[in-house]
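Structure first, commentary second.
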Amino acid sequence: MSSTPRMTMATQLVLRALLADPAEEVYGGEIGDAAGLMSGTVHPILARLESAGWVESRWEDVDPQVAGRPARRYYRLTGEGARQARAELVRVPRPQPGR
């Protein structure tokens with residue numbers, strides 16, 4: 001744990017989306033929308049960030065039949081993850097979505 005993930009452009013975009021409000025829990029679709037990335041890109045990054053100890057997640061407690069949709073997995077930065085993300089993001093150029 002606490003290893004530094006590769007700072008790809010997509011990883012930077014996900015971290016910036018999470019840093020918008022580090023204490024807020026957001027689900028993968030919201031992160032993807034904020035980062036301008038597809039789900040198939042976002043979820044592997046979130047898994048790597050969680051393995052590194054930068055992100056924690058939980059499944060929402062909802063009955064999918066009542067909600068009319070599948071349960072969502074919510075993510076947020078850990079305190080250490082937010083600190084490390086800020087430190088790493090100042091070291092790399094700011095990514096430009098769509099490039």
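If you roll a 1.4 angstrom probe over the protein chains with everything in place, what fraction of the accessible area of the chain belongs to carbon and sulfur, to the nearest %?
Carbon-and-sulfur percentage of accessible area, whole number: 50.
For the chain, what is the accessible area per residue in Å² when the probe is 1.4 Å?
60
What FRET efficiency, computed as 1/(1 + (r/R0)^6) with R0 = 25 Å and r the Cβ-Cβ distance, is obtained for Met38 and Trp59, rounded to the nearest 0.05?
0.70
Against the longest principal axis of the chain, how steep is helix 39-51, in degrees 0 to 90 to the nearest 10, with axes from Cα atoms?
Value to nearest ten degrees: 70.
The values are calculated or read from the model by the stated rules, or taken from the named source; none is laboratory data. Computed from a predicted model, the values in this text were never measured in an experiment. Backbone-built Cβ (ideal geometry, glycine too); neighbour counts: all protein chains shown. Each accessible area value is taken on the protein alone, full model and side chains, heavy atoms only, with ligands, DNA and RNA left out. Shrake-Rupley method; radii C 1.70, N 1.55, O 1.52, S 1.80 Å.
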